1. Any residue that is aromatic (Phe, Trp, Tyr), outside the structural domain of residue 479 (by TED's automatic domain parsing), open to solvent by 30 Å² or more (accessible area, probe 1.4 Å) and over 24 Å from the mean Cα position of the chain (by Cα) - is there at least one of those in segment 383-391?
2. Wholly within segment 312-405, which strands (runs of 3 or more DSSP E) include no fewer than the required count, namely at least 2 residues that are in contact with a Lys or Arg (Cβ under 7 Å, 6 or more places away or on another chain)?
3. Looking at 485, 480 in this structure, which one is on the phi < 0 side of the Ramachandran plot, in the same structural domain as residue 63 (by TED's automatic domain parsing), near the ligand (Cβ under 10 Å from one of its atoms) and assigned to a loop (DSSP other than H, G, I, E, B)?
4. From 337, 295, 323, 358, which residue is open to solvent by 50 Å² or more (accessible area, probe 1.4 Å) and touching a residue at least 40 places away in the same chain (Cβ under 8 Å)?
5. Testing residue 167 on (1) modelled with pLDDT of 95 or more; (2) assigned to a helix (DSSP H, G or I), one condition comes back false. Which one is that?
6. I'm trying to understand the selection: among the residues of segment 64-97, which are free of Cβ contacts under 8 Å to residues at least 60 places away in the same chain, open to solvent by 30 Å² or more (accessible area, probe 1.4 Å) and touching a helix residue (DSSP H, G or I) at 6+ places or on another chain (Cβ under 6 Å)?
7. Please go through segment 437-484 and pick out each residue that is open to solvent by 10 Å² or more (accessible area, probe 1.4 Å) and among the hydroxyl-bearing types (Ser, Thr, Tyr).
8. Can you name the residue in segment 231-282 that is part of a helix (DSSP H, G or I) and among the small types (Gly, Ala, Ser) and is also least open to solvent (accessible area, probe 1.4 Å) among such residues?
Amino acid sequence: MKSTNITIIGGGACGISLFIELFLQLRIAGIHQDVSIHIIEENQQVGKGLAFGTRQPGHILNTQAQLMGIHHAEPEHFSDWLKEHNKRVAPEVVDNQGQGEAFTTRRLYGDYLQEQFDYYFELAQKEGMQLNLVKASAVGVTQLNNSYKVQLSDGNEISSDYLVLALGTPVSNLYGELLEHKNYFDSPWPSSKILENVPREEPVAILGSSLSAIDALMTLADNGHKGKITFYSLDGLLPKVQVEKPEAYERQYLTISNLHKIQRTKLRSPMVSEVFRLFIKEAEHFTGEKIDWKNAARLDKTPHERLKEDIAISQAGGDALINIPYALRYDSSPMWNMLDEAARLKFKKWLGNYWAVNRHCMPMVNALRIEKLFNSGQLHVVSELDDVAYDQEDKTFVLSYQDKSDKVEYLINATGPASAVKDMKSELVQHLAKTGLIEPEKTGGVKINTETMQLIQQGKSVPNFYALGHLANGLLLDVNAVWFNVKTIGNLSHHLINNILSENTL
Ligand SMILES: Cc1cc2nc3c(=O)[nH]c(=O)nc-3n(C[C@H](O)[C@H](O)[C@H](O)COP(=O)(O)OP(=O)(O)OC[C@H]3O[C@@H](n4cnc5c(N)ncnc54)[C@H](O)[C@@H]3O)c2cc1C
């Protein structure tokens, strides 16, 4: 068999999961000694990307351990690993120790990723596989028919038959005009730049009120910040609180079969209004009574009052608004695929924020900490943020909202990762977009074949060129979850290895 090279750009959760799955399946196919794998990682360590590279104790997983396994088809692997190494890891398990519903620090998860990588890297080498972990940034790619040349920041180049982009979650370059100001932090990560530059007594403004904003808050709270902390966001909504053991709920209305019935009877894709009507039916079936949808967002209550209510709702087993999105876990991406582009854009515009706060809830541990910060008067949440400007004269940021404005010296942008390719702060992503090697998708991310994870150029799947994770955030709803990405890695590995085998039988 002719030797084949696979290159994975990005040694984070997706890159590691893919490397291990490829090694396993190539070993089982008996062709691992004819295939070499290059993993290009710009950080000094693998497994320490944006999500799992943090060292902050307050940055915890927002997903239960039993869904965080890095091996394909084994979501419980991480939770089993925790039980196996209980003595060593116990200090990093922040809730439900010894259970599948355990929550741990994200730094422990990064260590788990590294440990898995180190074990299988060594095993694969022992098994005679050629492997290269290249510590550099990939800054460019050239496509030569069906093979690729990757340009590196150190001037070197890697030739490859197969190329996979596992670049993680580039921070956004929104508010780029504020970058020149020294007390502006364009993302909550790495936390070191915030801790080294923000005096503990000073008031701090945080743009956003989602999980990213909570990360910034925990960084400050973990390090004894005393000054006032204020979230500024469009809707002032915090993520809701995760139900630890949600009761199983079988959906009756918002189902793949009902969406397919619309396709079959109307010969078109379902509309957002139809999906929302099915959600209303489902929610009222769940509660057994009519819901006052006008007040469902509870905007008449303060963020603190809403949080207290959400903690109580979660402790009582949840409600329709959080339990149904969670019950949709394994169907939401296939359902998303049944919508056309116009419907997906409408959903993001109309329901995007409500979906986010109900579907990506915060763990109870964080909710209780935030409640304390509200009680102490340190935390405030402001809605209807209208504008952010810089006052040169008194060197402050001016945040305008509700016909008012606040001036503050320290500002953290925690509005979350960029969805659109143009807003992604990544030299490689911008190069790939400029050269047409990736094509932006209107709903975010890039055009991709959602079955094989091959990139799409001019409507066609590109041979031997794939992407994983956040880059596919427009067409795949759950790329912000390891369990989902690991599933797509199974499909990608299967497709890629079949290609290698079919090319060698020709
Ligand atoms: C703050 C945060 C918290 C999250 N928490 C959770 C959670 O609790 N549970 C969950 O399931 N999901 C969580 N996610 C979602 C998470 O992003 C996905 O789960 C994803 O699977 C992470 O893996 P990844 O490989 O895509 O990204 P990462 O793990 O970030 O890895 C990407 C890697 O690519 C490298 N890289 C990028 N560009 C280049 C380049 N040009 N050259 C070389 N190397 C490069 C980076 O250095 C990084 O190591 C979180 C995301 C964020 C941002």
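1. Keep residues of segment 383-391 that are aromatic (Phe, Trp, Tyr), which gives 390.
Subsequent filtering for residues that are outside the structural domain of residue 479 (by TED's automatic domain parsing) retains 390.
Of the ones still in play, those that are also open to solvent by 30 Å² or more (accessible area, probe 1.4 Å) are 390.
Keeping just the survivors that are over 24 Å from the mean Cα position of the chain (by Cα) gives 390.
Yes: one or more hits.
2. On the way: elements: 379-382, 385-391, 396-401.
Where strands (runs of 3 or more DSSP E) fall fully within segment 312-405 and carry at least 2 residues being in contact with a Lys or Arg (Cβ under 7 Å, 6 or more places away or on another chain), they are 396-401.
3. Details: 485 fails: assigned to a loop (DSSP other than H, G, I, E, B).
Result: 480 is the single residue among 485, 480 that is on the phi < 0 side of the Ramachandran plot, in the same structural domain as residue 63 (by TED's automatic domain parsing), near the ligand (Cβ under 10 Å from one of its atoms) and assigned to a loop (DSSP other than H, G, I, E, B).
4. Details: 295 fails: touching a residue at least 40 places away in the same chain (Cβ under 8 Å); 323 fails: open to solvent by 50 Å² or more (accessible area, probe 1.4 Å); 358 fails: open to solvent by 50 Å² or more (accessible area, probe 1.4 Å).
It is 337.
5. (2)
6. 66, 76, 92
7. If the condition is that a residue be open to solvent by 10 Å² or more (accessible area, probe 1.4 Å) and among the hydroxyl-bearing types (Ser, Thr, Tyr), then 450, 452, 461 are the ones that fit.
8. Let us first name the residues in segment 231-282 that are part of a helix (DSSP H, G or I), namely 256-266, 272-282.
Going one step further and asking which of them are among the small types (Gly, Ala, Ser), we end up with 257, 273.
Values: 257: 78, 273: 42 Å².
Only one residue tops the list, namely 273.
The values are calculated or read from the model by the stated rules, or taken from the named source; none is laboratory data. Quantities reported herein were computed from a predicted structural model and do not represent experimental measurements. All Cβ positions, glycine included, derive from the backbone under ideal geometry; neighbour counts span all protein chains shown. Note: accessible area is taken over every heavy atom of the protein model, side chains too, but ligands, DNA and RNA are not part of it. Shrake-Rupley method; radii C 1.70, N 1.55, O 1.52, S 1.80 Å.
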